[in-house]
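> I'd like to ask some things about the structure below.
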Amino acid sequence: MVPSADRVVSLAPSGDNPPLAQRIPALLAEMDAEHREVLESVAALAVVPPTQFAAAYGALVAQIEQGFREEEKMMDAIGYSEIRAHRRDHAELLALLHRLRPYLEDGNAPLADIVMGMIPAMLVRHMAGMDQALALALRMQGGAAERH
């Protein structure tokens, strides 16, 4: 379940786009939707036949990477003060996910079970910590712009 391009909220200013502060509610909604889609994809991975697990896992990792890229664009756009720590968390999560991939492609069933137990916890930790802090910063950015 890869996010569709028609739901991507542009961060770049243009003649058609309102200022960033006015787009923050849409950005927050997009981040929430992306989180739901990733968690739905993780749940779907749990019922994938073993012969298709590696391919489905690869698609999930690509989906997570795309979501992280979108988050990083948001952080850049607002000058997020915790961008380095947030990017580091993205890099650490992706490094682990990529490190597991060759073993899963070799059909390591016990590792697939471990991965299924680990991924939801890793993603929820990131979403509940790092992404909640980013959402708060986005809300504050929007509120500060409204006061000016």
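> Is it the case that region 104-112 has a residue that's under 23 Å from Leu28 (Cα atoms), surrounded by 15 or more Cβ atoms within 10 Å (Cβ to Cβ), touching a residue at least 12 places away in the same chain (Cβ under 8 Å) and not hydroxyl-bearing (Ser, Thr, Tyr)?
no
> Has region 42-49 got at least one residue that is surrounded by 15 or more Cβ atoms within 10 Å (Cβ to Cβ) and without any contact (Cβ under 8 Å) to a residue 12 or more places away in the chain?
We begin by selecting, within region 42-49, every residue surrounded by 15 or more Cβ atoms within 10 Å (Cβ to Cβ); these are 42, 45, 48.
Adding the requirement that they be without any contact (Cβ under 8 Å) to a residue 12 or more places away in the chain leaves 48.
Yes, some residue in region 42-49 is surrounded by 15 or more Cβ atoms within 10 Å (Cβ to Cβ) and without any contact (Cβ under 8 Å) to a residue 12 or more places away in the chain.
> For Ile119, only one of the following conditions fails: (1) of a type in the set (A, V, I, L, M, F, W, C); (2) surrounded by 12 or more Cβ atoms within 10 Å (Cβ to Cβ); (3) at pLDDT 95 or above. What is its number?
Of the numbered conditions (1) of a type in the set (A, V, I, L, M, F, W, C); (2) surrounded by 12 or more Cβ atoms within 10 Å (Cβ to Cβ); (3) at pLDDT 95 or above, the odd one out for Ile119 is (3).
> Can you pull out every residue in region 27-44 that is of a type outside the set (Gly, Ala, Ser) and closer than 16 Å to Val124 by Cα? Explain how you work it out, then say what you get.
Restricting attention to region 27-44, the residues satisfying the condition of being of a type outside the set (Gly, Ala, Ser) are 27-28, 30-32, 34-40, 42.
Matches in region 27-44: Met31, Asp32, Glu34, His35, Arg36, Glu37, Val38, Leu39, Glu40, Val42.
> Going by the structure shown, is Val124 crowded, with 18+ Cβ neighbours inside 10 Å and within 18 Å of the chain's Cα centre (by Cα)?
The answer is no for Val124.
> Residue check, Ala55 against (1) surrounded by 13 or more Cβ atoms within 10 Å (Cβ to Cβ); (2) part of a helix (DSSP H, G or I); (3) among the aliphatic types (A, V, I, L, M), all met but one. Which one?
Unmet for Ala55, out of (1) surrounded by 13 or more Cβ atoms within 10 Å (Cβ to Cβ); (2) part of a helix (DSSP H, G or I); (3) among the aliphatic types (A, V, I, L, M): (1).
> Could you list all residues from region 1-52 that are modelled with pLDDT of 50 or more, assigned to a loop (DSSP other than H, G, I, E, B), of a type in the set (A, V, I, L, M) and farther than 21 Å from Asp76 by Cα?
Listed by number, the residues that qualify are Ala46, Val47, Val48.
The values are calculated or read from the model by the stated rules, or taken from the named source; none is laboratory data. Just so we're clear, the structure is a prediction, and the values are computed from it rather than from any experiment. Cβ atoms come from the backbone with ideal geometry, glycine included; neighbour counts cover every protein chain shown.
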